[in-house]
Amino acid sequence: MKKKILGVIGDPIAHSISPAMHNAALKALNMDQEMEYKAFHVKPKNLGKFLQEVREKGYLGINVTIPHKVTVMEHLDEITQYAKIVGAVNTVKNEDGKLIGYNTDGPGFLEAIKNKLGITPEGKKVVLLGAGGAAKAVGMILAENKATQIVIYDVDETKTIHLTEQITSNFETKVIGLPSKNNDLNEYIADCDLLVNATPIGMHPKENMSPLPPNTIINPHTYIYDLVYNPAETQLAKQAKASGAKATTGLSMLVYQGALAFTVFTGINAPVEVMEKAAQKALH
Ligand code: NAP
């Protein structure tokens, strides 16, 4: 029997851990004789051609990573409301030639904070560091799930302003966009319930750096989610733990966005623990 194809597209793509996670899930569910998940290196100029191939060859679905998450939207037949609001798609399902775009990054973050920190956004005062692609998905899902306040800080002030406006125009959550080099950031951090790092600071090769301004005090009652997943324990997570705060890093979000995409593709609940183990192994 010819296997049905799933996959991930990006440029570059060689370091993606998605094939390891999804193929481990297929194997655990005895579905690896019917389906296979591959990595496809697709350059921006070839994106349209590749999506035509997805239709023609009947691929079941694809995940989408940098730099295609926004541009892929031009080539789809339908896009979910949440992915439209975020303005990015990371999962495409092929339903008999009709390509439907989803975004599982924000819902993946939601599952990660529920399962790893034991919290939901409702009623929380949040500080979100970074206003790039990942921060957008996180900010939207926090607001959709009734966070009381989100304070956004990015070194690039134009991105802060843009994300602040985007969330405010879609949700009722109070959003405060801080200008860069703002001295109030420390106070907001000291007073927040949840601190999220959506900047690349702390990621290899800058693993000795923290995204926090100097002399920041972390309240022991604050929960910390660092989207960085390499290294597994970031400088920020170490600082948080030294302050007595509960902290976790980004592998869980990566795993849950993958698990949710697996369900979109197959209609079956994903074996999350299997996917997590495969992701950990692929990272080392
Ligand atoms: P991005 O689009 O480049 O956004 C990052 C933003 O952070 C940029 O605007 C950057 O500004 C800003 N920034 C850099 N240093 C900062 C600082 N000290 N304080 C405040 N803002 C700062 O990147 P992304 O795609 O959103 O990814 C961000 C991080 O999340 C990466 O480490 C990525 O690996 C991780 N991530 C994890 C997951 C997961 O599933 N765990 C998913 C997506 C992304 P400049 O561009 O001016 O430097």
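The values are calculated or read from the model by the stated rules, or taken from the named source; none is laboratory data. Values in this document were obtained by computation on a predicted structure and should not be read as measured data. So basically every Cβ, Gly included, is an ideal-geometry build from the backbone, and we count neighbours across all protein chains shown. Accessible surface areas use protein heavy atoms only, side chains included; no ligands, DNA or RNA. Shrake-Rupley method; radii C 1.70, N 1.55, O 1.52, S 1.80 Å.
See the values below:
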item: Cut-off of 10 Å, at most 11 other beta carbons, DSSP loop: longest stretch of the chain lacking such GluC sites (Glu not before Pro); result: 1-121
item: Estimated FRET transfer efficiency (ALA190, HIS41; beta-carbon r; R0 45 Å; 0.05); result: 0.50
item: Exposure of MET209 as accessible area (Å², to 10), given a probe of 1.4 Å and all protein chains; result: 90
item: Helix runs (DSSP H) in the chain reaching 24 Å along axis by Cα, Kyte-Doolittle at least 1.0; result: none
item: Cα-based Rg and Dmax for the stretch 223-284, where Dmax is the largest Cα-Cα distance (Å); result: 13.6, 43
item: Residue order for LYS206, LYS38 - accessible surface, 1.4 angstrom probe, largest first; result: LYS206, LYS38
item: Stokes-Einstein D (µm²/s) once Rh is taken as the Kirkwood radius of the stretch 106-249 over alpha-carbon pairs, at 20 °C in 1.002 mPa s; result: 145
item: Nearest-10 value in Å² for the accessible area of LEU47, using the 1.4 Å probe; result: 10
item: Positive minus negative residues near CYS192 (Lys, Arg vs Asp, Glu; Cβ under 10 Å); result: -1
item: Convex hull of Cα atoms in the chain, direction-averaged projection (nm²); result: 14.4
item: DSSP bridge pairs, the stretch 106-249: antiparallel proportion in percent, nearest 5; result: 0
item: Exposure of ILE268 as accessible area (Å², to 10), given a probe of 1.4 Å and all protein chains; result: 70
item: Dipole axis of the chain (+1 Lys, Arg; -1 Asp, Glu on Cβ), positive-most option in LEU99, MET275, HIS75; result: MET275
item: Listed pairs LYS2/LYS38; LYS49/LYS98; LYS49/LYS84; LYS84/LYS125; LYS4/LYS38; LYS84/LYS136 exceeding 21 Å between Cα atoms; result: LYS49/LYS84; LYS84/LYS125
item: Accessible surface of the chain, 1.4 Å probe, proportion on carbon and sulfur as whole %; result: 51
item: Where Rh is the Kirkwood radius over Cα pairs, Rg/Rh for the stretch 78-117; result: 1.10
item: ILE176 long-range amide H proximity, modeled H, under 5 Å; result: ILE150, VAL151, ILE152
item: The chain - share of DSSP beta bridges that are antiparallel (%, nearest 5); result: 20
item: Largest-first ordering by accessible area, 1.4 Å probe, given options HIS75, HIS68, HIS221, HIS204; result: HIS221, HIS204, HIS75, HIS68
item: By accessible area with a 1.4 Å probe, ligands and nucleic acids excluded, highest first: order of ASP193, ASP154; result: ASP193, ASP154
item: Options ASN30, THR266, SER18, ranked by Cα towards positive dipole end of the chain, top entry (Cβ charges); result: ASN30
item: Probe 1.4 Å, protein heavy atoms only - accessible area per residue of the chain in square angstrom; result: 48
item: q = 0.13, 0.15 Å⁻¹: log10 I(q)/I(0) that the Debye formula gives for the stretch 168-258, counting C-alpha atoms only; result: -0.46, -0.61
